[in-house]
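To keep things clear, I will list the structure first and then write my remarks on it.
Here, each number is a calculation from the coordinates, and none is a lab measurement. Here the structure is a predicted model, which is why all the values come from computation and not from measurement. Virtual Cβ from ideal backbone geometry, glycine too; neighbours counted across all protein chains shown.
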Amino acid sequence: MKSIDTIYIKGQFVAPHGTERFTLVDPVTEQASAQVVLADEVDAETAITAATVAYHELAGSSRVQRMDWLARLHKVVADAEEELVATMIDEYGGPHAISLATSKRAAASFDQARTLLADYQFERQVASARVRMEPLGVVGLITPWNANYGMICSKLAMAIAAGSTAVIKPSELSARQTDLLTHVLHRADLPPGLFNILTGRGDVVGAALVRHPGIAKISFTGSTAVGKSIVRGCADTLKRVTLELGGKSPTVLLDDADFSKAMPLIAAAATINSGQACLAGTRLLVPRTRLQEAEQGIVAAFAALTVGDPHDPTTRIGPMVSATQYQRVQGYIRKGIEEGATLLLGGTGLPHGLERGYFVRPTIFSNVRNDMTIAREEIFGPVLSVIAYDDEEDAIAIANDTIYGLHANVFSGDVARANRVARRIQAGRVFINGLYDEPMAPFGGFKQSGLGREFGVFGLEEYLEPKTLLGYEQSL
């Protein structure tokens, strides 16, 4: 069993002050796979001090220097793609396709930040004033287990581009991935303290970052409940906060859509990353007049998805990350049945042919009302709710009847109509007639799906503070 007993502070791998040991379990075999020694509040304080010293030492870093750092980070992560993919599959059970995409996105985030940095105007004239965009200082980056590499790298890339230094707290459930990625990032040979990485619990290390007066900003990706606690914790020091939180994303299938073309895409959107994705399209809104056709189509599309060994490139749905997450999803499936939804496919228990592992049967409920638990709460598993609507206005009303507003999908045979509907859905991103990826566009949520944005220039400016200079041309 692998042992992980170091954290990364001031450019060095050091033994943590913390002594708590956390055991990682392989989600495919249900056997212990690694043990990690978790960082504690003392380690957080040490890392914040290192980042603070580095921030002051690097305050004069030039655009060219930071572009060089980003280029070096891009190279080392890109070169380690094979290692990264293998470890994500082994630890997390992420299917090969999503693990490969996550590793590629992780490397690309540094290159994209470098491209932004090359042309970004840190100073601009605004009427009679001069406005300078200045780095915030030391930032705390708290990342989730479902996209470990991508979230660490994308947040770190923006912090570096802005001129800040960072203390990163990944999820303890991703300790093996974090350990590998940290060693990979170390190969870039960046200034000590520019970034520091501590694997620890959210209520210990994360909480220490949130309350510490030396942290200027928290960027968090995770659940809405934890995001709310972070906002409360940041209030005393008025930290800047970026939150990318949960979702209950609607997929609106309009009555003029080509159902046969749309269904495989809808199934993919609902089960992306084995359903463990904040943007998963887990509410399918279909015209009541074509409900039976929609049910048949989505069942066929789900049935075509391979569940099983995440190492197999044909697998589309792997296991849940942990026993806790597996039981959570099972509970929601039982709840759907109890509340009277019609089970079209799947249900509780393991998929056919699998005798162990945290695998969930891809599940579809129909005759779902939008006030049912399975339509209101984020399940984080391959469970889809089919909801019938009467007309376009009804579809839009149902789509927006949620506390969330992260993502949405619209399918229609009329692109102009699809765009009209998309504009009325309260969500940070809406995909029209397909699945896309544009990492330079802003990503984030409306309502309780978050605060602020990640990616592109919008994400960069979340790490910058505008300072206005007036009378700057006049000498004393």
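Couple of notes before you dig in:
- Sorted largest first, the spans of the alpha carbon positions of region 78-186 along the three principal axes are 58, 23, 22 Å.
- Cα-based helix-to-principal-axis angle, 96-119 vs the chain, degrees rounded to 10: 40 degrees
- Exposure proxy for Trp69, Trp145: other Cβ atoms within 10 Å of each Cβ, ordered fewest to most, give Trp145, Trp69.
- Order by protection proxy (mean Cβ within 10 Å, highest first), peptides 433-443, 417-427: 417-427, 433-443
- Förster-model FRET efficiency, 25 Å R0, Asn400 and Ile432, C-beta, rounded to 0.05: 0.90
- The label-point distance for Val126 and Asp391, in a model that sets each label 7 Å from Cα toward Cβ, rounds to 4.5 nm.
- Paramagnetic label zone (point 7 Å from Cα along Cα-to-C-beta, Lys261; backbone N under 20 Å) in region 422-440: 422-423, 430-437
- Spin-label zone in region 334-378 - amide nitrogen under 15 Å from a point set 7 Å from the Cα of Ser223 along the C-beta vector: 377-378
- Overall dimensions of region 250-432 as given by Cα atoms, namely Rg and Dmax in Å: 15.5, 48
- Residues Ser33, Ser154, Ser3, Ser412 arranged by fewest to most Cβ contacts within 10 Å: Ser3, Ser33, Ser412, Ser154
- Euclidean distance of C-alpha centroids, region 113-152 and region 398-439, integer Å: 27 Å
- For the pair Glu293 and Lys467, a Förster radius of 51 Å applied to the C-beta separation gives a FRET efficiency near 0.30, rounded to the nearest 0.05.
- Fewest-first ordering of Asp371, Asp43 by other beta carbons within 10 Å of each residue's beta carbon gives Asp371, Asp43.
- Dipole in debye (nearest 20) - region 250-432, about Cα centre, beta carbon charges: Lys, Arg +1; Asp, Glu -1: 420 debye
- Farthest towards the positive end of the charge dipole of the chain, among the residues Ser171, Leu406, Met158, is the Cα of Met158, using unit charges on the Cβ of Lys, Arg, Asp and Glu.
- Within the chain, helix-based [θ] at 222 nm, where runs of 4 or more DSSP H residues each add -39,500 (n - 2.57), nearest 500: -12000 deg cm²/dmol
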